[in-house]
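Just below is one structure, and these are the notes that go with it.
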Amino acid sequence: MESVRKPYQGLWNCIRFNWHYYLLSIVLVVLLNLSNRFLTDELCEISYFIIFLVIASTIISLAVSFYVYDLSDVYKLNWFDELSTTFNSKTININAGFDEVSALLYAKYPDVSLTVYDFYDPIKHTEVSIQRARKAYSPFGGTLKINTTSLPLPDNCADIVLLIFSAHEIRNEIERSIFFNELKRILKPSGKIVLLEHLRDIPNFFAYNIGFFHFMSKNTWCNTFKSAGLNISKEKKITPFTTSFILKKC
């Protein structure tokens, strides 16, 4: 498959969509360095240690982001080959206002029967990075707006539903539960939901520090799946920092 992503696109997106975090890190390092001339030797050691942690955590997070979004198989979609299904059936891709998957799907599976939905609601989903992403990228052609609590689709109509780095933007537990119940409703008895997410786990803590709180824990996802009557038919690490779940109806 010829890549439709530019070199360093994932890394650059992380920086420009989350620039406020990196700006805060720079400001903190500068302020600590300026204050060191007024501190005792003991306090200077603490200050330099904090500076080291800030710089190290920033470099690590950028390195991991580069690996996940630019170097790994995540956006090459090779891991889709293990789904044991064809993409000429009814495929639905649901995003949270930023879609990096639909164009790649068409490049890899030219005959895909794809419908793209966007559930972003600025009142409910207030993450500033998504707002910036929406300004930077136009929606995929033909993308339709939807509400997470009422999908405009009939029962048992979808063969594949894709949720790639999008479902975690539904922060409210009740809204998330209703959304997955709706996904179950539209899914064919033999259909599959493909969810790819970072988890709130140890690898992502070391990668993103406190930023890992933006992700959901595996237990949280499992409770959501269970409440919607969905079973995990397969779970796989695409990278040490990203986990895919293949869900089916119970």
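The values are calculated or read from the model by the stated rules, or taken from the named source; none is laboratory data. Not measured: the values here are computed from a predicted model. Please note: Cβ atoms are built from the backbone with ideal geometry, for glycine as well, and neighbour counts cover all protein chains shown. Side chains included, ligands, DNA and RNA excluded: accessible areas come from the protein's heavy atoms. Shrake-Rupley method; radii C 1.70, N 1.55, O 1.52, S 1.80 Å.
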| query | Per the Kirkwood definition applied to all pairs of different Cα atoms, how many angstroms is the hydrodynamic radius of the range 186-250? | reply | 12.5 Å
| Over the range 144-190, what number does the Rg to Rh ratio reach, with both radii from the alpha-carbon atoms and Rh per Kirkwood? | 0.95
| note | For the chain, longest principal axis from Cα atoms; helix 218-227 axis from its Cα atoms; angle between them, nearest 10 degrees, is 30 degrees
| Regarding the range 1-126, what are the three Cα extents along the principal axes, ordered largest first, in Å? | 68, 34, 23
| What are the extents of the Cα atoms of the chain along their three principal axes, listed from largest to smallest and rounded to whole Å? | 69, 39, 32
| If you roll a 1.4 Å probe over the chain with all protein chains in place, what percent of the accessible area is carbon or sulfur? | 61 percent
| field | Heavy atoms of Leu114 accessible to a 1.4 Å probe, total area in Å² rounded to 10 | value | 30 Å²
| task | Using Cα positions and a limit of under 19 Å, work out the lysines in reach of Lys124, with same-chain residues fewer than 8 apart set aside. | result | Lys135, Lys145
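In debye, nearest 20, what is the charge dipole magnitude of the chain about its Cα centre with +1 on Lys and Arg Cβ and -1 on Asp and Glu Cβ, if you could check?
My answer is approximately 560 debye.
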| request: Evaluate the Debye formula for the range 23-70 with equal point scatterers sitting on the alpha carbons, no solvent, and hand back log10 of I(q)/I(0) at q = 0.21 Å⁻¹, in q order, two decimals. | output: -0.70
| message | For a quick check, take a GNM of the chain with Cα springs below 10 Å and name the residue from Asn204, Asn13, Asn78 with the largest mean-square fluctuation. | response | Asn78
| Relative contact order (percent) for the range 112-250, with alpha-carbon contacts under 8 angstrom and 6 or more residues of separation? | 22 percent
| note | From the cross-link list Lys6/Lys90; Lys6/Lys234; Lys76/Lys234; Lys108/Lys192; Lys192/Lys236, the entries with a Cα-Cα span beyond 23 Å are Lys6/Lys90; Lys6/Lys234
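Can you tell me the dipole magnitude for the range 88-195 around its Cα centre, using point charges on the Cβ only (Lys, Arg +1; Asp, Glu -1), in Debye to the nearest 20?
Dipole of the range 88-195, to the nearest 20 debye: 20 debye.
When the chain is fully extended, how far beyond the present Cα-Cα distance does Phe66 get from Tyr8, taking 0.36 nm per residue of separation?
Once the chain is fully extended between Phe66 and Tyr8, it gains 20.2 nm.
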| message | Using helices alone, I'd like the mean residue ellipticity at 222 nm for the chain: each DSSP H run of four-plus residues gives -39500 (n - 2.57), total over residue count, nearest 500. | response | -12500 deg cm²/dmol
| task | Positive end of the charge dipole of the range 38-145 (Lys, Arg +1 and Asp, Glu -1 on Cβ, about the Cα centre): tell me which of Ile60, Leu144, Ile92 has its Cα farthest that way. | result | Leu144
| task | Show the residues, 5+ positions off or on another chain, whose built amide H is closer than 5 Å to the amide H of Lys192. | result | Ile160, Val161
| message | At 1.4 Å probe size, what's the solvent-accessible area of Ile60? Round to the nearest 10 Å². | response | 80 Å²
| task | State in Å² the accessible area per residue of the range 83-140; use a 1.4 Å probe, count heavy atoms of protein chains only, and round to the nearest integer. | result | 46 Å²
| query | If R0 is 25 Å, what FRET efficiency do you get for Lys248 and Ala107 from their C-beta distance, rounded to 0.05? | reply | 0.40
| field | Cα pair distances of the range 151-234 binned at 10 Å [whole percent] | value | 17, 49, 26, 8, 0
| message | With +1 on the Cβ of every Lys and Arg and -1 on the Cβ of every Asp and Glu, and nothing else charged, how large is the dipole of the range 33-142 about its Cα centre, in debye rounded to the nearest 20? | response | 400 debye
| request: Would you kindly state how much longer the chain becomes between Asp201 and Ile174 on full extension, computed as 0.36 nm times their sequence separation minus their alpha carbon distance, in nm to one decimal? | output: 7.5 nm
| Kirkwood hydrodynamic radius for the range 101-250: how many Å is it when counted over pairs of different Cα atoms? | 16.3 Å
| task | Please work out the ratio of the alpha-carbon Rg of the range 73-167 to 2.2 N^0.38 Å and round it to two decimals. | result | 1.09
